[in-house]
Structure formats: C-alpha cells, structure tokens
Amino acid sequence: MPNNKYDSLKIENQLCFPLYVCSKEIIRKYKPFLDEFDLTYTQYITMMVMWEKKELTVKELGSFLYLDSGTLTPVLKKLEEKNYIIRNRSKEDERNLIVSITEKGETLRERAAKIPGKLSACVDLEPEEAGQLYKLLYKLLDKLT
C-alpha cells in the first residue's frame, strides 16, 4: 500500500515523458535530411514559417514557433549568415525587427519540399492515426498555452 503514494512519480505514468522522447527522436530522424541543407531543426521550422509568411516581425515569428526572442535571435543570425533571411528595423517603429525571406531562402523551399515525405517514411503511422495525434497534440498545446 505505501507504494501507491508514489505511483504518480513513476516515469511510465508521466504523459510528458513519451512526448519528450518522441520529440527528441523525431528531431533525430530529421537530422540527416536537414544536414543536407546545413540546417538545425529550429532553423528548419523557422524557414517553414518564412516560406509561408515571407515577412513578419521577430515577435510574430516567435509566436508562430512558441519561441522567445532570446532563443530565436541566434537562429535568425545563422539564417541571415546563410543569406536565407534578412533582418531590418521597422521604418514605422524602430523597436520592431522585421524578418524577410531572401531569394536564396525561397530557392531553398523547392529543395526542402521533399523533407516531409522522407520523414513520413520513417514514422510508421496510418494517416488516420497521424491525424488523431495531430489533433490531440494541438488540443494539448492549446490548453497549455
């Protein structure tokens, strides 16, 4: 009976643990595909937003990625060094830093378009299962934020 008190501390009873490990493992699966492009996973998801939005503030970009500016700034510096994005102060409000995709960044999109399919081949889930997981993870994310 005394062990019941500690059941909630068992790792197999933690929802966060399999989420943490799955996240780590999926990012590890991305690595060989992203290495071809000399991108980290965080740089890749940043570029995904940039391909879609083309231009936005650092704050807006951080909101999309659930990242603060302290985490995002070094990522943006690296992407700017690679000439995938440029950062400029807003003319309307100098406090805002605008991130814009470059032509080279746009060109990368075409080459990177194959990455999701390659990763899907590594993750053996039926489309229905993947859809359910997606919905549940976003539901959880919505409740946590």
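The values are calculated or read from the model by the stated rules, or taken from the named source; none is laboratory data. It should be emphasised that the depicted structure is a prediction, and the values quoted were computed from it without experimental measurement. Here the Cβ is made from the backbone with ideal geometry for all residues, glycine too, and neighbour counts use every protein chain on show. Side chains included, ligands, DNA and RNA excluded: accessible areas come from the protein's heavy atoms. Shrake-Rupley method; radii C 1.70, N 1.55, O 1.52, S 1.80 Å.
Summary of computed values
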read-out: From 42, 57, residue being within 18 Å of the chain's Cα centre (by Cα), polar (S, T, N, Q) and under 23 Å from residue 117 (Cα atoms); value: 42
read-out: Qualifying positions in the stretch 102-136 - surrounded by 11 or more Cβ atoms within 10 Å (Cβ to Cβ), at pLDDT below 95 and not in a helix (DSSP H, G or I); value: 114, 123, 125
read-out: Residues satisfying the stated conditions in the stretch 1-57, i.e. of a type in the set (S, T, N, Q) and over 18 Å from residue 77 (Cα atoms); value: 3, 4, 8, 13, 14, 23
read-out: Qualifying position, being open to solvent by less than 40 Å² (accessible area, probe 1.4 Å), in contact with a strand residue (DSSP E or B) (Cβ under 6 Å, 6 or more places away or on another chain) and in contact (Cβ under 8 Å) with a residue 12 or more places away in the chain, among 99, 49, 75; value: 99
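One line per residue, one yes/no per condition, for (1) touching an Asp or Glu at 6+ places or on another chain (Cβ under 9 Å); (2) in contact (Cβ under 8 Å) with a residue 60 or more places away in the chain; (3) closer than 27 Å to residue 111 by Cβ; (4) surrounded by fewer than 11 Cβ atoms within 10 Å (Cβ to Cβ):
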position: 10; (1), (2), (3), (4): no, no, no, yes
position: 26; (1), (2), (3), (4): no, yes, yes, no
position: 44; (1), (2), (3), (4): no, yes, yes, no
position: 87; (1), (2), (3), (4): yes, no, yes, no
